[in-house]
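Report on the following structure.
The values are calculated or read from the model by the stated rules, or taken from the named source; none is laboratory data. All of these numbers come straight from a predicted model, not from anything done at the bench. In this analysis, Cβ positions are derived from the backbone assuming ideal geometry, glycine residues included, and neighbour counts consider all displayed protein chains. Calculation scope for accessible area: heavy atoms of the full protein, side chains included, ligands and nucleic acids excluded. Shrake-Rupley method; radii C 1.70, N 1.55, O 1.52, S 1.80 Å.
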Amino acid sequence: MKILLKYLIIIALLVVGGWLATQTYQTVQAKKEIGKRVQTLQHCSFESLNGGQIFVDEFDKRKPTVIIYFNPECEHCQYEASEIGKEAEQFAKANMILITPNDSVKRVEAFAAKYQLWEVDNLTILLDHGKQFKNRFGTAVFPSTFIYFLLLPYDSISKRQNKSWFTYH
Amino acid sequence: MINYLLGINRWMLFFLLIFFIDFTSLAISYLYLTSSLYYQSLGEQLTVDRIAKLIEFSQKWQWLGYLFIPIVVLLRVSFTTICLYTGFFLANFKVRFKDLFKVALLADFVFVLAGIVKLVILIFFKEVNTLNDLQFQPLSIMEVFDRTKVDAMLLYPLSLISVFELLYWLVLAWLLTGLVEKSFGNSLKTVATSYGTGLALWVLFVMFLTVNLT
């Protein structure tokens, strides 16, 4: 019985250690891949408050695209939202995309109204179902911000052959 | 010497340990955690209002941090005790849990020494300009690297590999020679296989949490 217990302890330690090491390694590899992927604005869609699907790369490409992952309950997000609401004119120069995890539409709308987010032109709020944001952008920390500029060498969106992305997050 | 140390009441050791750790924490907080340090550290990232709120919040809840120190120490000492107890159990040695607990309590004073050395370095040898300057681990491998360029996942393991961690292992092994009929070398092997394994698992767990939560 005692010998069995000893073997069980050793096996349990090996299993736990092996599982932790494997999971950590896999997460690091996945993050590396996502790290490369987020360098350019991805072709992915999230649900709008009306229920339709909206692709984040289908906004006006002449403007920078700012993607903010937020939660109405998060204090930092509330502060960030209040600053965006106050500087509505400045933020209207960008495509503002605010994405929140599966939350009640009522709560999200109340959040937007409270911080005057609807005052910002080009501001869209989208819902993230099933941790899609984390899979696409590699983070689920509130708030997370990704900023994309499409650098167009010929100052025209019609000549897209030389386009390249600049990203900040 | 070992018998004298092992004869000290464990509650007295525990409260002495808490007193010294609280003292060094309070001293660092009193000497360095000033409002201006917060403004210097966070001035480029947050507005003045936000920093003021942050200072107010940290001052309001500072007592909670001190309240957690005994709990953290108890968990750390219990962790070492469980590792050692498991090691002795697997090696067919009969040692009482409470005796190993006392060994772990005594060895924990090494971390008090680490705290005092940190305080001395801060006072006499290091210029503190930002909150990051307070996060250093004295005499650890981490000090060789630039903290801002090291992967977040490696911060904890690199901070752990230090002169004080080595000293902790040596003190544990030395104290164990007073508890079991073993040479210092054999005791050190026991510490390495029992506490070392536990520590390796703990480091893996912290790395796992770091990569998943950041």
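Key figures for this structure:
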| item | result |
| --- | --- |
| Qualifying position, being at pLDDT 90 or above, of a type outside the set (A, V, I, L, M) and over 22 Å from the mean Cα position of the chain (by Cα), among B:Phe89, B:Phe101, B:Phe93 | B:Phe89 |
| Answer residue from the range B:17-41, given it is free of Cβ contacts under 8 Å to residues at least 24 places away in the same chain and part of a helix (DSSP H, G or I) and is farthest from B:Leu119 (Cα to Cα) among those | B:Tyr39 |
| Selected residue [open to solvent by 30 Å² or more (accessible area, probe 1.4 Å), without any contact (Cβ under 8 Å) to a residue 40 or more places away in the chain and more than 14 Å from every other protein chain (Cβ to nearest Cβ)] from B:Phe136, B:Phe208, B:Phe184 | B:Phe184 |
| Condition check for A:Gln42: surrounded by 13 or more Cβ atoms within 10 Å (Cβ to Cβ) and part of a loop (DSSP other than H, G, I, E, B) | yes |
| Filtered residue count, the range A:80-111, keeping only those that are within 16 Å of the chain's Cα centre (by Cα) and open to solvent by less than 20 Å² (accessible area, probe 1.4 Å) | 7 |
| Any hit, the range B:115-138, residues being touching a Leu at 6+ places or on another chain (Cβ under 6 Å) and under 25 Å from B:Gly196 (Cα atoms) | no |
| Pairs with Cβ under 8 Å, 6+ apart, first in the range A:24-38 and facing another protein chain (nearest Cβ under 9 Å), second open to solvent by 30 Å² or more (accessible area, probe 1.4 Å) and polar (S, T, N, Q) | A:Thr27/B:Asn212 |
| Qualifying residue in the range B:56-76 (condition: within 14 Å of chain A (Cβ to nearest Cβ), touching a Phe, Trp or Tyr at 6+ places or on another chain (Cβ under 9 Å) and either among the aliphatic types (A, V, I, L, M) or surrounded by 13 or more Cβ atoms within 10 Å (Cβ to Cβ) (or both)) | no |
| Count of residues meeting criterion [within 14 Å of chain A (Cβ to nearest Cβ), within 18 Å of B:Asp108 (Cα to Cα) and either in contact with a helix residue (DSSP H, G or I) (Cβ under 6 Å, 6 or more places away or on another chain) or charged (D, E, K, R) (or both)] in the range B:187-202 | 3 |
| The lone exception for B:Gln40 - which of (1) of a type outside the set (Asp, Glu); (2) open to solvent by 70 Å² or more (accessible area, probe 1.4 Å); (3) over 24 Å from B:Leu122 (Cα atoms) it fails | (3) |
| Residues of the range B:105-133 satisfying the condition of being touching a helix residue (DSSP H, G or I) at 6+ places or on another chain (Cβ under 9 Å), surrounded by fewer than 13 Cβ atoms within 10 Å (Cβ to Cβ) and free of Cβ contacts under 8 Å to residues at least 24 places away in the same chain | B:Glu127 |
| Filter result (assigned to a helix (DSSP H, G or I) and either surrounded by fewer than 19 Cβ atoms within 10 Å (Cβ to Cβ) or within 14 Å of another protein chain (Cβ to nearest Cβ) (or both)) within the range B:77-91 | B:Ser78, B:Phe79, B:Ile82, B:Cys83, B:Leu84, B:Tyr85, B:Thr86, B:Gly87, B:Phe88, B:Phe89, B:Leu90 |
| Single residue of B:Ala152, B:Ala192 found to be among the hydrophobic types (A, V, I, L, M, F, W, C), touching a residue at least 40 places away in the same chain (Cβ under 8 Å) and open to solvent by 30 Å² or more (accessible area, probe 1.4 Å) | B:Ala152 |
| A:Thr139 vs. criteria within 29 Å of A:Val28 (Cβ to Cβ) and either modelled with pLDDT under 90 or over 18 Å from the mean Cα position of the chain (by Cα) (or both) | yes |
| Test: residue in the range B:153-174 that is within 20 Å of B:Lys94 (Cβ to Cβ), away from every other protein chain (no Cβ under 14 Å) and in contact with a Leu (Cβ under 9 Å, 6 or more places away or on another chain) | yes |
| Failed item, numbered, when B:Lys94 is tested on (1) within 23 Å of B:Ala192 (Cβ to Cβ); (2) in a helix (DSSP H, G or I); (3) not hydrophobic (A, V, I, L, M, F, W, C) | (2) |
| Checking B:Thr197 against (1) closer than 30 Å to A:Pro143 by Cβ; (2) modelled with pLDDT of 90 or more; (3) not hydrophobic (A, V, I, L, M, F, W, C), the condition it does not meet | (1) |
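One line per residue, one yes/no per condition, for (1) modelled with pLDDT under 85; (2) within 23 Å of A:Ala140 (Cβ to Cβ); (3) not small (Gly, Ala, Ser):
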{"site": "A:Lys6", "(1), (2), (3)": "no, no, yes"}
{"site": "A:Glu47", "(1), (2), (3)": "no, yes, yes"}
{"site": "A:Cys77", "(1), (2), (3)": "no, yes, yes"}
{"site": "A:Ser82", "(1), (2), (3)": "no, yes, no"}
